[in-house]
1. Would you please list the contacts, defined by Cβ atoms under 6 Å and residues six or more apart or on different chains, that run from a residue in region 209-237 that is closer than 20 Å to residue 27 by Cβ and without any contact (Cβ under 8 Å) to a residue 40 or more places away in the chain to a residue that is hydroxyl-bearing (Ser, Thr, Tyr) and in a helix (DSSP H, G or I)?
2. Is it the case, given these coordinates, that residue 433 is touching a Cys at 6+ places or on another chain (Cβ under 9 Å) and either among the hydroxyl-bearing types (Ser, Thr, Tyr) or modelled with pLDDT of 85 or more (or both)?
3. I'd like the residue in region 121-137 that is among the charged types (D, E, K, R) and buried (at least 20 other Cβ atoms within 10 Å of the Cβ) and, out of all such residues, is nearest to residue 42 (Cα to Cα).
4. Can you list the strands (runs of 3 or more DSSP E) lying wholly within region 25-142 that have 2 or more residues being hydroxyl-bearing (Ser, Thr, Tyr)?
5. Considering 219, 227, 182, which residue is farther than 23 Å from residue 20 by Cβ, among the acidic types (Asp, Glu) and assigned to a helix (DSSP H, G or I)?
6. Return yes or no: is residue 211 out of contact with any Ser or Thr (no Cβ under 6 Å at 6 or more places or on another chain) and not in a loop (DSSP other than H, G, I, E, B)?
7. Take the residues of region 13-63 that are at pLDDT 90 or above and polar (S, T, N, Q): which is farthest from residue 243 (Cα to Cα)?
8. Could you check, for region 166-175, whether at least one of its residues is over 41 Å from the mean Cα position of the chain (by Cα) and either surrounded by fewer than 13 Cβ atoms within 10 Å (Cβ to Cβ) or not in a helix (DSSP H, G or I) (or both)?
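The values are calculated or read from the model by the stated rules, or taken from the named source; none is laboratory data. Since the structure is predicted, the reported quantities are computational estimates derived from the model, not experimental observations. Backbone-built Cβ (ideal geometry, glycine too); neighbour counts: all protein chains shown.
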Amino acid sequence: MRRGILALLLLPGALRAGSLSLPEAMRQAARTSFRAEGARLERAKAREETSQIRSLYLPELHFQGGHLNLEKQPRILSAPVSIGPLDLGGITIPRMDLGTLVNPLGDTSSWRYKVSLQYLLYDFGRRERALAASRARETAIGLREEGGIRRTQAEVAQQYVGLMHLKAQRRVLSQRRKALEDHLKSVRALFEQGMVARNDLLRTEVALRSLGDAERALDSAESGARDNLNVAMGLEPTATLDLPDDLDAPPGLPWDETACRVRAAQSSEGVKALRARLKALESQVVLQRRDYAPNLVAEAFHAYEQNSYSVHPHSNGLYLGLSWKVFDGARASRVRQSLSEFELGRREVQEAERQAGNTAAAAYRDLQVALRELKTSEANVAAAEENFRIVEDQYREGLARSTDALDAEALLAESRFGLAARRYRAYALQAALLATLGEDLPAFYEHAKEPSNAL
């Protein structure tokens, strides 16, 4: 519930006080949708992985301390000791064997600790390559998640134009109701004059009842579409939405099919993410190869041991050393494995470029077909309007039947439904194409004001 309230507080003024535009709906999805929040967390995880690699450049501070209890006191045995014989001015002392002496070394109970500072002085570039690989992976994850947000925005655009399509259907139903009510007035007038049969009146009334059923079904569909759009944007399903009455024709594209193919292969987030991943794999190959090099390490320490028999209970030291894993049977295998992963990544980039180009080209062709169909639907609506006007005039003059007028009105409504469906399908196809190209969808729909011209 708190998340929903916070999302509502984050809504722009256009959503709270005015109608929600298509660009703002997509921006809202980029802020609060599930995919957007997941992308932020994925990027945060990648940044932390890079921070862990960067920490290898810092020294390590260790502390070890505690109390030691021994079962027996530590002692040392000396070699057998003998004295004499000694000549002391006429007095001779004979040889004396003292035997083996036992000397204590420490207490049976003592406190001790050690503090050490360890640092990897030089590793022949392994840390540098590991950091470069992690940064490249971070970039790849960021680009991949941006591509996911683009696709989410395209889905939001599809949900948005689907809701706009339902609103367009409502306008068509309103136009149908007005046309049928006007026709009903004409039928009643002619019926009262005895010029038409009661059947004409009944047919028109049934048509109006069917229209009411369609309006109620549309109410249910519109409510579901609003809930779906809210969820797609990351809002509560019941959040209030105020949409504009209609959308203009889809804006024109500044690219042709060839340009779309090239642009998708170069600018698609999916392709760029694979390129960044390939860079990480290349750094990984170098890192595995440098595993043959030694490490130069240093350690500075201070230690204390409670010992009644020690002259220096405190000790300080500095250690410089070389750590070198001279032989590792799996090292060469790891290098070959990294090379194989790099070659596979290079092939994946090539395949992704081709697939992105093909997808963009197919989406462009589908969009052009939809735009041509849109132009045809516009002409069809104009023809249906003229046809209905003529048939209605003929009916009033007794030259046409009521069924002819009702059929002409149904044909007009069908043509208007078709026009709305094709207009909003063109929007959905265009948004999907823009996502494939890696375009900023909200910025495109805000700044591209010129309508598209179908061929």
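1. Taking only residues 6 or more apart or on different chains, not a single pair turns up.
2. yes
3. Selected residue: 137.
4. 109-122
5. 182 is the lone residue from the list that is farther than 23 Å from residue 20 by Cβ, among the acidic types (Asp, Glu) and assigned to a helix (DSSP H, G or I).
6. Considered against the rule, which asks whether it is out of contact with any Ser or Thr (no Cβ under 6 Å at 6 or more places or on another chain) and not in a loop (DSSP other than H, G, I, E, B), residue 211 comes out as yes.
7. Top of the filtered list is 55.
8. yes
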